[in-house]
Structure formats: structure tokens, C-alpha cells
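To start, the structure under review is shown below, and the notes come after it.
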Amino acid sequence: MSAINQMLVDKLGPLGPLIVLGGLGFLLILAVLPILMRKQADPMAKFRDQAKPSAAGKEAGAKKSLRYGGKGSDRLDKFATFLEPKTEEEMTTARMRMTRAGYRGRNAVRTFHAIQFTLGLVCLTIGVGYALFASMSEGISTTKLILSVLVPGAVGYYLPKYWVDKRVTSRQGEIQNGFPDALDMLLVCVEAGQSLDQGIIRVSKELHAGYPALAEEFEIVAQEVKAGKEKTAVLRAFGDRAGVQDVSSFVTVMIQSQTFGTSIAEALRVYASEMRDKRVMRAEEAANKLPTKITLGTMMFTVPPLLIILVGPSVYDMMQMFQNFKM
């Protein structure tokens, strides 16, 4: 053992044995992980379910069918217990987050966690490879070794989450900016004699070029109304999917107008005017922030060169006088 230890120290540096042990542990994790992720059904439980199906089994099967979309050919289905949240509340929150990012597939949550796990593992492997290469080429401290392994793994793990959050923010900004125009179009359609459902269909077609995310949401609303769902539930689902306060307020106005029997055109006219005013206020707010940002940039990139030009010669003359005085 001492000879092997000395050989590792000679080839990999003082941390050679530690690096080899870490590499072996990593390989063991990679070997055992697929076995842990694999779902293995109990043969006796399967036999009991086939022989005497119980009400609990039927209920569990119904929940599984609703959760996973029934039987399918998804390759990640056998890893579903590992890649998906365990509780229904967490699953609903994760699905809503992926929906707001524009990923509406039934396996979006499962795919997201699979990509997150795989990318984190790949970046962790890259970090281990870099640490091994650095330790063989030159000496490396323990802190630098740990950081070179953990930082790439953390970056790879949180990169998909950052991408989804960025997509959510981008889509919500697009919906917020295009919503006043959509209301104006919807108001024109309603005042022209079309119903609210027909107006939503027309607006979804017109918005595809400028605001595709908002057009997609309106199209989903139109298709759900065509499918026979209750209009109140459809509008509330629209507000939840968008995640924008303006849309939620619009949904509330439409539901109240439908409940109390008031004119939809009048409600749209008032609310569209408010949305236009809010968009102007957001633009004015962004414009008012601009002088502060410009001032900060001016202070950072203009004042230091100006000070060097103005004060530099005086400082140089003072240094020369001080040197002459010492001589």
C-alpha cells in the first residue's frame, strides 16, 4: 500500500490518493444511480392487484393516469418517481411554472428535471477532469480543487432553472406589453357585432406576428371555449397561466360583467383605456430611470480619465520637486 501511495503521490501530486478515492467514489455513484432510479414493481403486489383489484388500487391508477397522461412511450417514464415532485401541490406548481415558460407538454416537468440532473452530472464530471489534469500538471491547493469540482456542477444544475425563469420573465413582459393592443382589437371586434368568443379567435390570429405568446394564450382560451368548458373557468385559467396582474384584473372584470349582465363593450372600453394609461406610465418610469443610469456611467467612464488629464501633470511635477529636494 505504501508503494501504491507513493506512486500516486509521484504522479498526481500530494493529493493523489485523495483524487483517486474521489474518482472511485464518483464511478460507484454512477454505477449505482441507474439501479436506484429504476422503478421495480413488487411481484406479489402485482399479483394481488390482478387477482383482486381494490378501490384504493383503482383510485391510485386513476391518479397515475391523470398525472402521467396514461400509458405512453416516454423514455423517462421509468424514472418518474425520481424526476418528478412527490406531492400534488409541488407538481401543480412545477407544471404551472413550465406552462408560464411556454413548455406545455405533459412530460415538461419530468424533462426539465432530467435535463437539470444530467447537465449537473456532466458539468461535475468536467470539473473532476479539470481537477485531475491540473493536479497532474502542477500543484493545486485543496480549496481550488474543491471549487473546480463543485462550481461547474452547481452551474450545470442551476442553468436550466435560470433558463426557465428567464423564459417566464420574457413571456410575461411580452404579454404585458401586448395586452393593451389586444384589448383594443377585442373592443373593435365586439363593437362590430361579434361575440366575445369570436373576437378572441380573431385577436389570436392578428397577434401572431407581434406578440406570439399572447396570441397563443388567446388561442388556448378560444379552443377551450369551443370544447365546451365553462367560460368563467377558462378565463381564470387564462389569468393563472399568464401570471400577469393586468390579465388577472381583466379576467375579474369579464367575470363580473358576465355575472351582473353589464355591457361587455363598455367594460372593455374602460379597461382598455386604463391599460393604455398604465403602458404610458411604465414607459415614463423607464425614461425617468434613464438619467440616473447615464449619470452612473458618466461617473465611471468619464470622471477618472478627466481627473488623470487635469491632475496628472500637477502630481508629476510635485513628484519631481520632491525627488530634487531629497537630492
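Annotations
- Point-charge dipole on Cβ atoms (K/R +1, D/E -1) for segment 85-241, about Cα centre, debye to 20: 500
- Phi angles of segment 300-305 translate, via the Karplus equation with coefficients 6.51, -1.76, 1.60 and θ = phi - 60°, into HN-Hα couplings of 6, 10, 10, 5, x, x Hz per residue; Gly and Pro are given as x.
- For segment 119-184, convex hull volume per residue from C-alpha positions, Å³: 80
- For segment 187-234, the square roots of the Cα gyration tensor eigenvalues, ordered a ≥ b ≥ c, give a/c of at least 1.5 with a/b no greater than b/c, which places it in the oblate category.
- Karplus-based coupling profile of segment 277-286, in residue order and whole Hz: 5, 5, 5, 5, 5, 5, 5, 5, 5, 5, with θ = phi - 60° in 6.51 cos²θ - 1.76 cosθ + 1.60 and x standing for Gly or Pro.
- Across every direction, the projection of the convex hull enclosing the Cα atoms of segment 170-327 has a mean area of 14.1 nm².
- Direction-averaged projected area, Cα convex hull, segment 241-326: 9.9 nm², rounded to one decimal.
- Taking label points 7 Å from Cα along the Cα-to-Cβ direction, residue 191 and residue 162 give a separation of 4.7 nm.
- Probe 1.4 Å - accessible area at residue 7, Å² to nearest ten: 90
- Across the options 297, 215, 245, the greatest Cα extent toward the positive end of the charge dipole of segment 204-327 (unit charges at beta carbon of Lys, Arg, Asp, Glu) belongs to 297.
The values are calculated or read from the model by the stated rules, or taken from the named source; none is laboratory data. Bear in mind the structure is a predicted one, so any value in this text is a computation, not a measurement. Neighbour counts are summed over all protein chains in view; Cβ atoms, including those assigned to glycine, are modelled from backbone coordinates with ideal geometry. Heads up: the accessible areas ignore ligands, DNA and RNA and are worked out on the full protein's heavy atoms, side chains in. Shrake-Rupley method; radii C 1.70, N 1.55, O 1.52, S 1.80 Å.
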